[in-house]
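Chemist: Sharing a structure with you now.
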Amino acid sequence: MSEQKENKASFFYTLKGVMWAMLGVRRGSGYDEDVSKIKPKQAIFVGLIMVIAFILTLYFVVSIVISQATS
């Protein structure tokens, strides 16, 4: 049972792996470690959260820029 616990990635570990994947920069050894620890469901869940956060950030930045330009 302790072996399963060691191989399971935490939320922040998964977040770090997804962020590196979005940037497209990752060492081979780090990638291999991520593949062995991060489950597909975890990566999909965190990936969706990151995409939503990215879209909302862009939306708010553009809204602020447009409001500043028109006033």
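Chemist: Among the residues of segment 21-38, count how many are in a loop (DSSP other than H, G, I, E, B) and touching a residue at least 12 places away in the same chain (Cβ under 8 Å).
Modeler: Here the count works out to 1.
Chemist: Is segment 43-63 home to any residue that is assigned to a helix (DSSP H, G or I), surrounded by 14 or more Cβ atoms within 10 Å (Cβ to Cβ) and in contact with an Asp or Glu (Cβ under 6 Å, 6 or more places away or on another chain)?
Modeler: Scanning segment 43-63 turns up no residue that is assigned to a helix (DSSP H, G or I), surrounded by 14 or more Cβ atoms within 10 Å (Cβ to Cβ) and in contact with an Asp or Glu (Cβ under 6 Å, 6 or more places away or on another chain).
Chemist: Tell me, which residue of segment 12-36 that is surrounded by 10 or more Cβ atoms within 10 Å (Cβ to Cβ), under 10 Å from the mean Cα position of the chain (by Cα) and not aliphatic (A, V, I, L, M) is modelled with the lowest pLDDT?
Modeler: Here the residue is TRP20.
The values are calculated or read from the model by the stated rules, or taken from the named source; none is laboratory data. Quick caveat: nothing in here was measured; it's all calculated off a predicted structure. With ideal geometry, Cβ positions are generated from the backbone for all residues, glycine too; neighbour counts draw on all protein chains shown.
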